[in-house]
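Trainee: Please see the structure below; I have some questions.
Each value in this text was obtained by applying a stated rule to the coordinates, not by laboratory testing. In this text, all values refer to a predicted model and were calculated from it rather than measured experimentally. Glycine gets a Cβ as well: all are built from the backbone with ideal geometry, and neighbour counts include every protein chain shown.
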Amino acid sequence: MEGESVHLHTDVTEIHQDDEILWKFGADKSLIAEISKAAGIFSTSDYVLDGRFRDRLKLDNQTASLTITNIRTEHAGVYKLEISGEKLTSKTFSLSVYARLPVPVIISNSSHCSSSPSNCSLVCSSVVNVSDVTLFWYKGISVLSSISASDLSISLSLPLEVEYQDKNPYSCVLNNPISNQTTHLDINTLCHTCADSVHCCGPTEAVIRLVLSALVGMATVIILVYDIRSTRGGVRKLIS
């Protein structure tokens with residue numbers, strides 16, 4: 001996980017006088033750390049690869065094990081250890097680094113309240129800036145649907161139809177191979193029919209309804225005033 005530390009162990013118990021130990025990274029095998037007792041070298045290369053490892057590498061002076069602190073996704077890749085001296089030894093490490101996942105968001109898929117007596121339309125979504133992630137809808141512990149992404153910077157979304165009176169637990173889960181984030185569905189908060197209350201409707205529809213009600217009221221008053229005036233005019237004509 002990003003921000004954590006990784007320890008790459010050499011299995012060496014003691015560095016001998018004539019040992020030369022090299023740590024290399026990537027396809028180009030860039031030298032990032034070196035130990036040579038005979039030459040008095042014990043160093044890390046902070047400025048290779050545009051300073052990618054600056055202030056992040058630590059060498060153990062007894063075992064030559066390498067620690068990478070505060071790792072980022074740019075530190076993922078292949079690390080190679082080469083030891084020459086009394087015997088030749090090499091080891092290869094493949095490191096995967098995963099960014100922290102955002103919490104998925106569940107919203108109603110309708111811009112206004114629903115007149116449907118049975119179903120509520122929902123969408124769970126997440127904008128991710130990491131690779132190898134999957135978004136799931138769960139009903140209890142059973143998977144209802146899923147969608148995966150291997151690319152960076154992508155928006156994932158999954159629809160769901162549930163009944164208004166459904167009491168089963170639903171949850172939306174975003175995960176990668178080492179972590180997950182979960183949002184539980186609150187049906188009572190997100191799912192309402194128009195008959196439930198005026199609060200089930202969106203703010204735009206509520207404003208429209210109020211405006212229409214006011215217009216109808218004004219029209220009724222105008223009609224009544226006109227009728228009254230017409231009636232009075234008719235009475236005056238009869239008297240005269």
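Trainee: Using θ = phi - 60° and the Karplus curve 6.51 cos²θ - 1.76 cosθ + 1.60, what whole-Hz ³J(HN,Hα) does each residue of the range 69-77 get, with Gly and Pro shown as x?
Mentor: Once θ is set to phi - 60°, the couplings for the range 69-77 become 9, 6, 5, 10, 4, 5, 8, 6, x Hz.
Trainee: Lysines within cross-link reach of residue 29: Cα-Cα under 16 Å, excluding same-chain residues under 8 positions apart?
Mentor: By straight Cα distance, residue 29 reaches 80, 91.
Trainee: Further, regarding this structure: Using the number of other C-beta atoms within 10 angstrom as an exposure proxy, rank 187, 21 with the fewest first.
Mentor: So the ranking, lowest neighbour count to highest, is 187, 21.
Trainee: Next question, about the same structure. Which log10 I(q)/I(0) values, to two decimals, does the range 1-154 give at q = 0.09 Å⁻¹ under the Debye formula with one point per Cα?
Mentor: -0.47
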